[in-house]
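Written below as structure tokens is the structure these notes are about.
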Amino acid sequence: MSSAIWWVRQDLRLADNPALSAAARGGRPIAAVYVLDEAAAGAWAWGGAQRWWLHHALASLATDLGRLGVPLVLRRGSAAAHLAEISAALGGAEIHAAAAYEPWARMQEQAVGAILHRSRTLTDPEAVRTGTGGPYGVYSPFMRAVRAAGITARPLPAPSRLVAAPAPASDRLEDWLLLPTKPDWAGGLRAAFAPGEANAAAALADFLDGPAAGYAEGRDIPGRVTTSRLSPYLHWGEISPLQVWHAAEAATLPANARDKVLNEVLWREFAVHLLWHHQALPETPLRAQFANMPWRTDAAALRAWQRGETGIPMVDAGMRELWQTGWMHNRVRMIVASFLVKHLLLPWQLGEAWFWDTLVDGDLAANAASWQWVAGCGADAAPYFRVFNPVLQGEKFDPDGAYVRRFVPELAALPDRCIHQPWTAPALVLEAAGVRLGKTYPHPIIGLDEGRTRALAAYKTITANAA
Ligand SMILES: Cc1cc2nc3c(=O)[nH]c(=O)nc-3n(C[C@H](O)[C@H](O)[C@H](O)COP(=O)(O)OP(=O)(O)OC[C@H]3O[C@@H](n4cnc5c(N)ncnc54)[C@H](O)[C@@H]3O)c2cc1C
């Protein structure tokens, strides 16, 4: 029997893996091949935090595959060239792969000529169409259409037995230097996450057995664990959206909680839909007038934002959570993003690039769609003139300051009433809490009213131009 290749991409799992199952159908011998093709990805090559995750995810997959007697072959360079060589060595082996949605990865799969299987999304972004045959630009009708059509596919079981093809030569994972060395900044990532398919399944089960029941009310509270934290596992394909969907449907949950969870999974789906139909989404505003936005250039402000030193506690807590753990709560992502593009009037692409480098779940579709959404230039976007006030957001969603205290420990001893705006605290209160503004914690780098007014004035120039 001829062999087949499972071209391993962002589907780093054995269960519910149609590409693997198709390659191995009927006991066909397989080679499992992962190719690190950084040149193909160009500007969107994996960021630092993603490289850390990828290393561990590949190590974990190699162990799982090894138990079934199949080595994971690692190659670096052109995917088309390596796969063609391996296929030829195996006598013209078929290549099966999970279909991608990133523009560079779609070009890559055309060059490889693989047989594609759709498993990174629940739906085919090409097939979901509005009544007039176009793509969706607004989330709610998209969500309703997907839910009305129903998700009928069932997750595939993991193969219990695999047959290995003659093993092609492989790189050593350590030689790829995906992990940080000097300095090793990944300690916080290791403490927060454990990559791997088994850990993804455990995270899903823990969520559905615990926080999911209160998801409808609690999901916006960053100081408690109220969401699934599945995003990196979904991003790397250590769990499939179909597995998450069916597990959430089958779980014993209040109806409103289940609905919310399913609808969040469809936000991910919607982001893919947008990227599929707007391939320039990561670089170019969907609303063309935003190309003329008078963004500022301010390296010092950008740096303060990146380091969590803006003097606005909720923003700083979020940016430090990101830097320390490689992840940030969704509510806080919205707050820090709004602060960057509105109060600081810096281009959303700078925030998108920083997230790309620091998030373990940095996803081309979700990241670009979300940044455009917050910046007001995306499909279905929050209007630019609605400016989040990070103090009010903090008081509403972190009322006891637990989140700020955790990530901005120098403010921990402040009372709840001023934890989100230390500059309003009386001198004695600051002193008692050991806070010296401008010394132990910065003054705000921008007044919130001043930033808001400047943002609205800038926005007015592009709306006036458009009229
Ligand atoms: C500026 C900004 C940038 C973002 N960048 C990314 C990114 O690079 N990668 C990424 O996966 N998500 C991104 N998000 C979306 C969202 O913040 C994360 O998916 C979510 O915080 C992940 O946490 P969770 O797994 O606990 O989510 P849950 O609340 O448990 O949701 C379950 C799953 O639904 C999906 N999901 C939830 N909310 C969204 C959303 N708004 N958009 C798309 N998918 C969603 C995720 O896959 C998530 O794992 C971004 C949001 C903002 C505002």
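The values are calculated or read from the model by the stated rules, or taken from the named source; none is laboratory data. This structure is a prediction, so every number in the text was calculated from the model and none was measured. Backbone-built Cβ (ideal geometry, glycine too); neighbour counts: all protein chains shown. The area values use the complete protein model at the heavy-atom level, side chains included, leaving out ligands, DNA and RNA. Shrake-Rupley method; radii C 1.70, N 1.55, O 1.52, S 1.80 Å.
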Which of the following residues is charged (D, E, K, R), under 30 Å from Tyr34 (Cα atoms), surrounded by fewer than 18 Cβ atoms within 10 Å (Cβ to Cβ) and out of contact with any strand residue (DSSP E or B) (no Cβ under 6 Å at 6 or more places or on another chain): Glu269, Glu238, Glu283, Glu249?
-> Glu283
Within region 335-349, is even one residue more than 8 Å from the ligand (Cβ to nearest atom) and open to solvent by 20 Å² or more (accessible area, probe 1.4 Å)?
-> yes
Scan Asp363, Asp357, Asp400 and give me the residue that is near the ligand (Cβ under 10 Å from one of its atoms), of a type in the set (D, E, K, R) and modelled with pLDDT of 95 or more.
-> Asp363
For Leu262, are the conditions met, namely being assigned to a helix (DSSP H, G or I) and surrounded by 21 or more Cβ atoms within 10 Å (Cβ to Cβ)?
-> no
Residue hits (region 168-201; surrounded by 12 or more Cβ atoms within 10 Å (Cβ to Cβ), assigned to a loop (DSSP other than H, G, I, E, B) and out of contact with any strand residue (DSSP E or B) (no Cβ under 6 Å at 6 or more places or on another chain)) are Leu178, Leu179, Pro180, Trp185, Ala186, Phe193, Ala194, Pro195, Gly196
Taking only region 297-330 into account, find how many residues are among the basic types (Lys, Arg) and either at pLDDT below 95 or over 19 Å from the mean Cα position of the chain (by Cα) (or both).
-> 2
Which numbered condition Ser370 fails, given (1) closer than 22 Å to Glu269 by Cβ; (2) more than 13 Å from the ligand (Cβ to nearest atom); (3) among the hydroxyl-bearing types (Ser, Thr, Tyr) = (2)
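Output the helices (runs of 4 or more DSSP H) that fall wholly within region 206-258 and possess 1 or more residues being modelled with pLDDT of 95 or more and more than 11 Å from the ligand (Cβ to nearest atom), or say none.
Per the criteria, 241-250.
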